[in-house]
Amino acid sequence: MEASYKNRRDFIRQLALGGSAAFLAASPWLKVLAQSENNTKAASDRVRLAIIGTGSRGNELLRNIMNYKDEQNFEITALCDNYEPQLEYGKNYCHENGMKPKTYTNYKTLLENEQIDGVIIATPLHQHAHITVDCLQQGLHVFCEKSMARTLDDIRIMYDTHRSSGKILQIGHQRLFNPVYLEGMQRIHNGQLGTIGQIRAYWHRNNNWRRALPNNDLNFERQINWRLYKEYSAGLLTELMSHQIQVANWALQQTPVSVMGTGSIRYWNDGREVDDNIAVIFSYPDGTQCIYDSMTSNKKYGLEEQIMGNLGTIEFEVNRQYSEEPPATPGIQQLINDIEHGIFGKLPIGNSSWIPETASKYNGEPIISDNEFSDTAMQLEAFIGFIRQGKAPEKITTEGYNASVWTILAEEAIEKGEKLTLPDQYKI
Ligand SMILES: NC(=O)c1ccc[n+]([C@@H]2O[C@H](COP(=O)([O-])OP(=O)(O)OC[C@H]3O[C@@H](n4cnc5c(N)ncnc54)[C@H](O)[C@@H]3O)[C@@H](O)[C@H]2O)c1
């Protein structure tokens, strides 16, 4: 932990201090991780946090933030979950790590009783907006998991309350703090990939995306498997695509002008309401297209965002960059490669000069060498740092806002079978 914490600090510090103006303008939240001077051990400097929603993600956030309990002066003062077994789980984990938070099953009681600086909200999507608004209005800084909210109006209300309260609203897009993404974005924003023509992104899984119900009791179905029902979630769009449209917007430094898409329940015909198979196209003002698809009945291609420029390609999830002009392969190796791949066999004999358009076999280069970072932990460390400063770069909020509105608009485009633009009242 120590070594990795130090390496990561050095890496982030170098990026924050040595990054180009274009890069730092595109990723202004980075600087907070390079500033440790405000992190004194004094009790008066301790950042007091509550977590609302200690389910799967809430507990993951708890585990991640505990990584910093020795380096960062913070305390988990309270936990809240309206489902007792999950609350208990979070409480026990805190106790094992020397923290003794009070526990609540109603977040309003927590807000009435606790002296805290900030909250971490990890409830299901449809519960984000009203909890966030109540917390901001009470003068608390908020870290809320992605995606922001279930409707465009709720997303807008969260944003407006953040503005009127002056409190931080950070959305849980952890890639914003991932060193592979940060270094890759620096290269994109410095022009290393040339002109980006397309972004291709996808998230493919092969499972039913269901969670087991306590004692197989069907009364828990909608509470536990909320992701599968439209009242609570837009399924693959809000749960998965929201991360990747955020990456596309960040890479392009623009937000889309339109979205169209289609979707279906192709395989998991098990009573769910959300699509298990979607395809969406976002168009950007400069003509770039972002082509997105997600499915849950084939995992061969996994998860990726491919940023494709005329000079090169970046694939963030596998930490690789590919030049359009790869280093020359020695002649004899090239010949062996061509024979192995049957290139000669495919050439028509004696007439046309047509050559098959094969994909490059070149395997690219890693973007960064040390990949042992937890972006989830770093975004929480940043949240603590922002609270200490009393403010965060506005872009940390707008990244989440733009990803969220275009995600919900994609759902509407699929449902209506139309190409949609963002109505003026949701533009910020
Ligand atoms: N950033 C990421 O990579 C990532 C990964 C997974 C989930 N998430 C997000 O985290 C959020 C939670 O997802 P999850 O998988 O943990 O769901 P979950 O169902 O496992 O957990 C949600 C918890 O919230 C509790 N809850 C519901 N309503 C509540 C209320 N009014 N007050 C207090 N607690 C309440 C539930 O009892 C449950 O324990 C979602 O928004 C999801 O999109 C983000």
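The values are calculated or read from the model by the stated rules, or taken from the named source; none is laboratory data. None of these values were measured; they are calculated from a predicted model. Counting neighbours? That spans all protein chains shown, and the Cβs are built from the backbone with ideal geometry, glycine included.
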Find all pairs meeting these conditions: Cβ atoms under 9 angstrom apart; at least six residues apart or on different chains; first residue within segment 213-230 and within 19 Å of Val274 (Cα to Cα); second residue among the hydroxyl-bearing types (Ser, Thr, Tyr) and more than 9 Å from the ligand (Cβ to nearest atom). Glu221/Tyr229; Arg222/Tyr229; Arg222/Tyr232; Trp226/Tyr232
Residue pairs within 9 Å by beta carbon, gap of at least six or interchain, first lying in segment 370-383 and outside the structural domain of Gln170 (by TED's automatic domain parsing) and surrounded by 22 or more Cβ atoms within 10 Å (Cβ to Cβ), second at pLDDT 95 or above and part of a loop (DSSP other than H, G, I, E, B), listed first then second, are none
If a residue has to be among the aromatic types (Phe, Trp, Tyr) and in contact with a Phe, Trp or Tyr (Cβ under 6 Å, 6 or more places away or on another chain) to count, how many in segment 203-234 make the cut? 2
Among the helices (runs of 4 or more DSSP H) lying completely within segment 1-102, list those that include at least 3 residues that are free of Cβ contacts under 8 Å to residues at least 60 places away in the same chain and over 30 Å from Ala129 (Cα atoms). 2-18
Can we say Pro330 is in the same structural domain as Met241 (by TED's automatic domain parsing) and either of a type in the set (Phe, Trp, Tyr) or at pLDDT 75 or above (or both)? no
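Quick grid of which residues meet (1) crowded, with 18+ Cβ neighbours inside 10 Å; (2) among the polar types (S, T, N, Q); (3) at pLDDT 95 or above:
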{"residue": "Met260", "(1), (2), (3)": "no, no, yes"}
{"residue": "Arg266", "(1), (2), (3)": "no, no, yes"}
{"residue": "Gly271", "(1), (2), (3)": "no, no, yes"}
{"residue": "Asp276", "(1), (2), (3)": "yes, no, yes"}
{"residue": "Glu325", "(1), (2), (3)": "no, no, no"}
{"residue": "Asp338", "(1), (2), (3)": "no, no, no"}
Filter segment 168-185 down to the residues that are more than 15 Å from the ligand (Cβ to nearest atom) and either of a type in the set (A, V, I, L, M) or at pLDDT 95 or above (or both) and list them by number. Ile168, Val180, Leu182, Gly184, Met185
Tabulated pairs, segment 259-284, first of a type in the set (Phe, Trp, Tyr), second in a loop (DSSP other than H, G, I, E, B), C-beta under 7 angstrom, 6+ apart or interchain: Tyr267/Asp276; Trp268/Asn208; Trp268/Asp276; Trp268/Thr296; Phe282/Pro256; Tyr284/Gln254; Tyr284/Pro256; Tyr284/Val257
Which members of segment 391-425 meet the condition of being within 19 Å of His141 (Cα to Cα) and in contact (Cβ under 8 Å) with a residue 12 or more places away in the chain? Lys391, Ala392, Pro393, Lys395, Ile396, Thr397, Thr398, Glu399, Gly400, Tyr401
Those helices (runs of 4 or more DSSP H) completely within segment 125-217 that have 2 or more residues that are over 30 Å from Ser20 (Cα atoms) and of a type in the set (A, V, I, L, M, F, W, C) are 128-137, 152-165
Among the residues listed as Tyr107, Tyr83, the single one being surrounded by 17 or more Cβ atoms within 10 Å (Cβ to Cβ), within 14 Å of the ligand (Cβ to nearest atom) and either under 18 Å from Ala382 (Cβ atoms) or in the same structural domain as Leu136 (by TED's automatic domain parsing) (or both): Tyr107
Quick check: is even one residue across segment 208-228 under 25 Å from Gly417 (Cβ atoms), more than 16 Å from the ligand (Cβ to nearest atom) and crowded, with 19+ Cβ neighbours inside 10 Å? no
